[in-house]
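Okay, so here's the structure we're looking at.
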Amino acid sequence: MSHLWLFLHFVGFTAWLGGGFASMVAGIAGGKESRAGLGAVVRAQTAIQKRIIAPGAILVVLSGLMLTIGMMNAMMTALSPWLMVMQGAGLLGALVTLLGGLPIASRLARLDPEGQHAAHFDELRNRQRMVASVAGTLALLALVAAAMM
């Protein structure tokens, strides 16, 4: 059963980080678009956030929880500092993604980049950039800690 949870863990972090990189590339490429084109870019990033990144983060946390419970029940290995860094950074990154990034992306997709809410659109876009950077850094830290384990 632990092989299934490990497989789901790999699928989850691949979706989470891969979706994050896809969203980042779309945002960088979208920087050259006109104001009207930014709406399409943001809607694409929101779709990536809702359909790839958020489910990946949820899958990583749930499968990681199941792997941790299985490891504690088996008492096969001692807790290493790298395991704790991986779990802490992964959990924090998932929380930032789900509680910060997802709501901001949803609000951003509903705004018109050219209309009366253009200033709010730019503010939310900058906030999304910062939240996604923090979440991505935490996810990469968790991945590095897992590799060091």
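Taken together, the values in this text are just the output of simple stated rules run on the coordinates, not laboratory data. Since we're looking at a predicted model, the values are computed, not measured. Here Cβ is always computed from backbone atoms with ideal geometry, including for glycine, and neighbour counts include all displayed protein chains.
Tell me, what is the percent relative contact order of the range 2-148, built from C-alpha pairs under 8 Å that lie six or more residues apart? 31 percent.
Would you order M86, M149 from fewest to most other beta-carbon atoms within 10 Å of each residue's own beta-carbon?
Numbers: M86 21, M149 13.
So the ranking, lowest neighbour count to highest, is M149, M86.
Exposure proxy for R125, R51, R107: other Cβ atoms within 10 Å of each Cβ, ordered fewest to most, give R51, R107, R125.
Could you tell me which of rounded, prolate or oblate describes the chain, using a ≥ b ≥ c as the square roots of the eigenvalues of the alpha-carbon gyration tensor, with rounded for a/c under 1.5 and, failing that, prolate when a/b is larger than b/c and oblate otherwise?
Working: a/c = 2.94, a/b = 2.69, b/c = 1.09.
Judged from the Cα gyration tensor, the chain comes out prolate (a/c at least 1.5, a/b above b/c).
Principal-axis analysis of the Cα atoms of the chain puts helix 118-148 at an angle of about 20° to the longest axis.
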